[in-house]
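The values are calculated or read from the model by the stated rules, or taken from the named source; none is laboratory data. Just so it is clear, the structure is predicted and the values come from calculations on it, not from any experiment. In this analysis, Cβ positions are derived from the backbone assuming ideal geometry, glycine residues included, and neighbour counts consider all displayed protein chains. Note: accessible area is taken over every heavy atom of the protein model, side chains too, but ligands, DNA and RNA are not part of it. Shrake-Rupley method; radii C 1.70, N 1.55, O 1.52, S 1.80 Å.
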Amino acid sequence: MKGRPPAKGGAGSRGGKPAGGRPSDRKSADRKPSGRGKPSGPRKSDGDKPAFRPKAPAAAKSAAKPAAPAAAAAKPNPAKGVSLDVRQFRVKADDDGIRLDRWFQRHLPDVGFNLVSRWSRTGQLRVDGARAAPGDRIVEGQTIRVPPAEAKPEAVAKPRRVRVIDLTEDEIAYAQEMVIHRDEQAIVINKPPGLATQGGTKTDEHVDKLLDGLLFDAESRPKLVHRLDKDTSGALLLARSSRSAAHFAKAFSSRTARKVYWALVIGVPSISDGMIELPLAKQPGTGGEKMHVDQEEGLPARTRYRVIERAGNRAAWVELQPYTGRTHQLRVHLAAIGFPIVGDGKYGGKDAFLSGTISRKMHLHARRIRVDHPDGGRVDVMADLPTHFANSLHELGFDLALGDMPLDDEIDRTPTREDEKKFARQHAKQIRKDRKGERRSRGSSRKG
């Protein structure tokens, strides 16, 4: 039999190599089908080249695959760190004027400062639609746009912190009996003498400890915004919210709040209405427990006093209005001008006590406090005298009805009919004087 010549371009035409190709190719060609799986149909080959399948058109591929959901196809691809779901918060009255990062500390404590800063840089943090920075001040009624915090690994849930009131029923009742004024933003108590405002060395009983007993219907305990000395009695203002605490603190620092004290002093000032202006500093060697007048290094201090009534030359009942708030200011000022407060041995020494039935306790009482209310109007409260002070005034024959004198801005300065007549008489008298002086000057000039 004649052999068939090799096909053009076949394996037999390459460099005179046998048509069988490589040994491995021959083995695979001689191998019988295993019979596994389905037959793949007739194989077309060019010589000993393995058969191949043409690629399916793109349209056929897309038809073979199921269509993706329309929502998934339309979903945008946000930048890294950008959240699509946001929350809206409205600024409440208690947060008016605070920094934005402080707002997060109060209401979203789980959101750290770094995350707030990143939201600010990427434009996700907005106030009333405008980009905001952590240090910006917010105003009541504004809307804060906050993206959700990034997912964190699950942690063991911490039990919710519950405020524990570590006071007995008697202590709570004692605290609430001191209240002489209460509204949504402020509480005023009548602090008794001998009770410190805040704790310190060997001071376990104080107003600050009793504040948990003055929660009433509020979520947080009241806040101290000013102080009274331990032995000074009278009106002490407490703030019931962070907003009112900031408002009242500003009122005291700017001197718009008015405080009126009553004191019983040794002796009688010769000037019934005067101003004491003596700078005060801490007295060296006392550990800051005592103040003294220091003309060179002391801080400015001003106290106005008015004599209400006098008991001969023995004692006087005076009203005091501090225009600055230095430590022990009233006590140091009165002792410095020679009229120490009765019972104030610290600054008046042994001369600060009256003989007889007059109590040896401090006779200094915060009678009245007047301050603008954060919601409008004013807090204007008077505190009754403690028993020992009231008894001393009675023993000395003073009339309690004379005590509450009007403040300067409460005095009606509108001229009365009598004032107008008096002014007219003085004006007419001055005109007559002027005319008389003119006639004398004319006579002297004629003689010359």
Run the simple label-point estimate for E438 and L407 please: 7 Å along Cα→C-beta, distance reported in nm. 4.8
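Using the reciprocal of the averaged 1/r over all distinct C-alpha pairs, how large is the Kirkwood radius of region 298-429 in Å?
Values: mean 1/r = 0.0567 Å⁻¹.
Evaluated over region 298-429, this radius sits at 17.6 Å.
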For D231, enumerate residues with amide H under 5 Å from its amide H, sequence gap 5+ or separate chain, H modeled in the peptide plane. G194
Report, in cubic angstrom per residue, the convex hull volume of the C-alpha atoms of region 304-367. 98
Efficiency of FRET from Cβ geometry, A311 and D351, R₀ 25 Å, rounded to 0.05: 0.95
Mark the label point 7 Å from the Cα of A173 along Cα→Cβ and return the residues of region 205-241 whose backbone N is within less than 17 Å of it. 213-214
Between region 163-223 and region 236-272, the alpha-carbon center distance in angstrom: 19
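Could you do me a favour and compute the accessible area per residue for region 280-387, 1.4 Å probe, result in Å²?
On the way: 5080 Å² over 108 residues.
On a per-residue basis, 47 Å².
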If I model a spin label as a point 7 Å beyond the Cα along the Cα-Cβ vector, how far apart are those points for E289 and S272 in nm? 4.1
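Considering only lysines 8 or more places apart in sequence, or on different chains, count the pairs in region 332-443 whose C-alpha atoms sit under 27 Å apart. Could the numbers behind the result be given before it?
Working: K346/K361; K350/K361; K421/K429; K421/K433; K421/K436; K422/K433; K422/K436.
Lysine pairs meeting both conditions in region 332-443 amount to 7.
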Computed over region 168-260, Cα set: Rg, Dmax in Å: 12.8, 39
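Lys and Arg at +1, Asp and Glu at -1: add these up for the other residues within a Cβ distance under 14 Å of E297 and post the number.
Working: positive: K282, R326; negative: D294, E296.
Neighbour charge sum, excluding E297 itself: 0.
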